[in-house]
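Take a look at the structure set out below.
The values are calculated or read from the model by the stated rules, or taken from the named source; none is laboratory data. A quick note: this is a predicted structure, and the numbers were derived from the prediction, not measured. Cβ placement follows ideal geometry from the backbone for every residue including glycine, while neighbour counts extend to all protein chains displayed. Surface areas here come from the heavy atoms of the whole protein model, side chains and all, with no ligands, DNA or RNA. Shrake-Rupley method; radii C 1.70, N 1.55, O 1.52, S 1.80 Å.
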Amino acid sequence: MVGMSRTLELSPNAHINKSLLDKYMALPMPDGKIQATYIWIDGTGENVRCKDRTLDFIPQSPSELPIWNYDGSSTYQAEGSNSDVYLHPVAIYRDPFRRGNNILVLCETYRYDGTPTESNKRKACLEVCERAAEEQPWFGIEQEYTLLDVDGRPLGWPKNGFPGPQGPYYCGVGADKVYARDIVDAHYRACLYAGVKICGTNAEVMPAQWEYQVGPCEGIQIGDDLWMSRFLLHRVAEEFGIVATLDPKPMQGDWNGAGAHTNVSTKTMREPGGLAEIENAISKLAKCHERHIRAYDPNGGKDNERRLTGKHETSSIHDFNAGVANRGCSIRIPRGVSDQGFGYFEDRRPSSNCDPYSVAEAILRTIILNE
């Protein structure tokens, strides 16, 4: 494990004796006090920030929590001359790091005049989800990511070369095939404890690349749970002194990129005969391909352009196509769905660093609201 030992040499976090923290975390909390970590998306549209506060009550819903603020000039969301940005709590999760009654709080971000910041895609998504609620849209997202050493090299890769070609790594087992399963298992358990609807995980095609799946979630929950799962991923990796990147093409060359394949169904699609509705939805998506590409990564398609090349289990960013069990298509209908005649479809275009709120909003506008 040359890569792991190299990480221990380079990462400041890896030098910290974690056991020293235990005696402090074992200190009893004062009666009625809890710690709340407020979490939000910064101005990049793909990174999360957080800060903590003490509460003297245990909230039962986000509406009970105080609105807070932060320096938006330090998060690419405001000018220094008018820097306050406001945090509006929208979802509460259990805190797997502090445990007890302590909580994680997902927040929307608003300017001083009450308008959402540019990176607040949740507000518009929620409005669309509410309008489409009668069709009970379900989403499941396959979040791919890559583990990096702190020098930016994929974990476990030779420092002056490359690992063997892709083939043995997908769902692999063994020290020569997978790296840092400890992080994957810790993240999985942290998500379950927190209340994120994580439903699975596996090693991916490129060495040091992994995937986990969130869902099925109805409506806005897919965005909330996926963003919280990303926070937990970065937070867990931080403790191990390793970087988790959502870059959709972290290594150029003959290596797979990273996506956020999005599985979608409506009430009609899930009922017998629903395949016809799936095919109808695909026809609608075909007419809006360019709009969806712009919505499927935070940089309007520029990040995805490096990944959607028509190679490495992708369709070209310039083309729209669909097929049964075909991972080289824009839209894949699973073989089992085709055989039974109802179920869901998979949109393979969203990039690993997509905003799930933007993805869900775009899909619902196209296939349900006909906008």
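Checking every one of the GluC sites (Glu not before Pro) in segment 66-119 against DSSP loop status and a limit of 13 other Cβ atoms within 10 Å picks out Glu118. Protein-only accessible surface at a 1.4 angstrom probe places the residues Arg332, Arg111, Arg294 in the order Arg294, Arg111, Arg332, largest first.
For segment 161-252, the equivalent ellipsoid derived from the Cα gyration tensor has semi-axes of 25, 14, 13 Å, listed largest first. For the set Arg49, Arg307, solvent exposure ranked by accessible area (probe 1.4 Å, protein chains only) runs largest to smallest as Arg49, Arg307.
At a probe radius of 1.4 angstrom, the accessible area of the chain per residue rounds to 45 square angstrom. Taking the 1.4 Å solvent-accessible surface of segment 1-132 as the whole, the part contributed by carbon and sulfur is 51%. If only the Cβ of Lys and Arg carry +1 and only the Cβ of Asp and Glu carry -1, the dipole of segment 31-118 around its Cα centre is close to 400 debye. Probe 1.4 Å, all protein chains in place: accessible area of Leu27 in Å², nearest 10? We get 110 Å² for Leu27.
Rounded to the nearest 10 square angstrom, Arg153 shows an accessible area of 50 square angstrom against a 1.4 Å probe.
Mean sequence separation of contacting Cα pairs (under 8 Å, at least six apart), scaled by the length of the chain, corresponds to a relative contact order of 16 percent. The charge dipole of the chain, taken about its Cα centre with unit charges on the Cβ atoms of Lys, Arg (+1), Asp and Glu (-1) only, comes to about 520 debye. Computed over the chain with a Gaussian network model linking Cα atoms closer than 10 Å, the most mobile of Ala91, Ala295, Ala244 is Ala91. For the options Thr115, Thr146, Thr75, a Gaussian network treatment of the chain with springs between C-alpha atoms closer than 10 Å singles out Thr115 as fluctuating the most. The alpha carbon radius of gyration of the chain, expressed as a multiple of 2.2 N^0.38 Å, is 1.01. For Tyr110, the accessible area of its heavy atoms, probed at 1.4 Å with every protein chain present, is near 30 square angstrom.
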